[in-house]
Amino acid sequence: MGDAAEEMTRAQLRRGLRVATLLVVLVTVCGQGLSNLLRHLDDYPSPLAQLAAFAVLAAVLAGEAVLLVRRRPWGRLRRAAIAAVLAASVLSYVTLPEGRTSTGTDWLFGAAAWVGLVVLLDRPLRVAVAFLLAHDLTALVHLLTVDPNRGDLARFATGSVTVVGLPLCVAVVAAVLNSLSAASAASQREIERVRVAEAVAAESHRRRRQRLAELSATTIPLLEGLADGSLRPEDPAIQRRCAIEAGRMRRLFAETDTVANPLVHELRHCADVADRKGVVVELDARGQWPTPPVAVRRDLTEPVLSVLATASSRARIAVVGGADLVSVSVVADSGEVDLPDPVTPGVHVETLNNDDTVWMEVRWQPSPQPAS
């Protein structure tokens, strides 16, 4: 919350600086600049050109006001606005009387610098400096074309200190605020990255502990019995237990995969254990159904694991479902099989034996969704 409040404060400061700069520019351009323009209008060789230059600056300021109200930056229009300001500067100096640079007649000398700064306030400092130098150079070129004396050059140098210096100070303040905002945003992104990494690590650790707890009830005792010799690998019952536990482990790892149909995905992993011992397994899925929770998927696949663990040569798994029912059935040459009872409500198991063939079906009925 502190970082967000700090960033909001900086955003308010940047906006406040834009508003304050715009007010200063309005006073400079519409106040002093316009009054000088109108007072010396008869002195210009082409008064319409001077009025057109003023109109261009006024249009740029109007655009800044609109963007401020809408809380938006200049974006792609920035270059066009700066080009318009520089074009207005050139137009004004082309029609400025000789020897009047940086005088009261030269109304644009201070006005254009501030207007350009308004457009470049959120840009790097070097961009604002380049614009101010370009604008000042335009005035200098006009001055040098009329064979200036020392007084003209001194007046221009003195005026440039104000025309360039004051906007430059504002540009430095804006650059500092922009730099602080960029550093704050980068720091916030790094903090978020670290937080996400820590959350992922914690979740991964939790899942590992959960998997270990789930395996400790059945898999670990089986491995310990095989290790200390109390269980014999050649015992068919032990082989069946090993096949079931292998299928459970593969199903457990498959539960974390991101797939479109988790139930079918986990059944494929369960069938892979039987396939590795030479059992031909067919898997057929038809229909569309809501994704069952993990606990329900375990109840739907657990009887299949038990049947596949004792299958001799062949097995066929069929998954059929819809919005109100999901059915998983398996037919295999497994003989009689002891199937575990479902843990979750809504899951039912039905078994039919015929000699060495067993047919098993496990059904799940999703809870009806409330009407929206």
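The values are calculated or read from the model by the stated rules, or taken from the named source; none is laboratory data. Quick caveat: nothing in here was measured; it's all calculated off a predicted structure. In this analysis, Cβ positions are derived from the backbone assuming ideal geometry, glycine residues included, and neighbour counts consider all displayed protein chains. Ligands, DNA and RNA are excluded from the accessible area calculation, which covers all protein heavy atoms including side chains. Shrake-Rupley method; radii C 1.70, N 1.55, O 1.52, S 1.80 Å.
If you rank S160, S367 by how much accessible surface each has, with a 1.4 Å probe, what is the order from largest down?
Final ranking, largest accessible area leading: S367, S160.
Using a 1.4 angstrom probe on the protein heavy atoms only, could you order S329, S89, S179 from most to least accessible area?
These residues rank, largest area first, as S179, S329, S89.
Along segment 172-188, what does the Karplus equation 6.51 cos²θ - 1.76 cosθ + 1.60 (θ = phi - 60°) give for ³J(HN,Hα), rounded to whole Hz, x for Gly and Pro?
5, 4, 5, 5, 5, 4, 5, 5, 5, 5, 5, 5, 5, 5, 5, 5, 5
So if I place +1 on the C-beta of Lys and Arg and -1 on the C-beta of Asp and Glu, and nothing else carries charge, what would the dipole magnitude of the chain be about its Cα centre? I want it in debye, nearest 20.
Using Cβ point charges on Lys, Arg, Asp and Glu, the chain gives about 1680 debye.
Write out the trypsin sites (Lys or Arg not before Pro) in segment 22-112 meeting two conditions: DSSP loop, and at most 10 other Cβ atoms within 10 Å of their Cβ.
R71, R76
Give the relative contact order (percent, whole number) for segment 247-325; include only Cα pairs under 8 Å separated by 6+ residues.
Averaging sequence separation for qualifying contacts and normalising by length gives 37 percent for segment 247-325.
For segment 102-192, evaluate the Debye formula with one uniform point scatterer on each Cα (no solvent term) and list log10 I(q)/I(0) at q = 0.23 Å⁻¹, rounded to two decimals.
Taking Cα atoms of segment 102-192 as identical point scatterers yields -1.08.
Using Cα atoms only, what is the angle between the long axis of helix 236-254 and the major principal axis of the chain, expressed in degrees (0 to 90) to the nearest 10?
10
Relative contact order for segment 281-365: what percent, with Cα pairs under 8 Å and sequence separation of 6 or more?
Reported relative contact order: 31 percent.
Based only on the alpha carbon positions, what is the Kirkwood hydrodynamic radius of the chain, in angstrom?
About 28.0 Å for the chain.
Roughly how many Å is it from the Cα centre of segment 76-154 to that of segment 334-360, as a whole number?
Computed from Cα coordinates, the inter-centre distance equals 90 Å.
With r as the distance between the Cβ atoms of S367 and A134 and R0 = 45 Å, compute the FRET efficiency 1/(1 + (r/R0)^6) and round to 0.05.
The calculated FRET efficiency here is 0.05.
Mean separation of Cα pairs under 8 Å and 6+ residues apart, divided by the residue count of the chain: what relative contact order is that in percent?
Reported as a whole number, the value is 10 percent.
With every protein chain present, what accessible area does L41 have (1.4 Å probe, heavy atoms only), rounded to the nearest 10 Å²?
L41 has an accessible surface of roughly 40 Å² with all protein chains in place.
Just to check I understand the Karplus step: with θ = phi - 60° and J = 6.51 cos²θ - 1.76 cosθ + 1.60, what whole-Hz values come out for segment 84-92, glycine and proline as x?
Those phi angles translate into 5, 5, 5, 5, 5, 5, 5, 4, 5 Hz.
Compare the Cα positions of L132, F109, T162 along the charge dipole of segment 73-183 (+1 at Cβ of Lys, Arg; -1 at Cβ of Asp, Glu; about the Cα centre) and return the one farthest towards the positive end.
L132
Once you have the Kirkwood Rh of segment 291-372 from its Cα pairs, apply Stokes-Einstein at 25 °C and 0.890 mPa s and quote D in µm²/s.
186
Within segment 223-300, list the GluC sites (Glu not before Pro) lying in a DSSP loop whose Cβ has at most 13 other Cβ atoms in a 10 Å radius.
E234
Using a 1.4 Å probe, how large is the accessible area of I82, given in Å² and rounded to the nearest 10?
That residue has around 30 Å² of solvent-accessible surface.
Once amide H atoms are built 1.01 Å from N in the peptide plane, which residues 5 or more positions from A285, or in another chain, come under 5 Å H to H?
V319
If you stretched the chain out fully between V200 and A20, how much longer would it get, using 0.36 nm times the residue separation minus the C-alpha to C-alpha distance?
Working it through step by step, the gained length comes to 60.2 nm.
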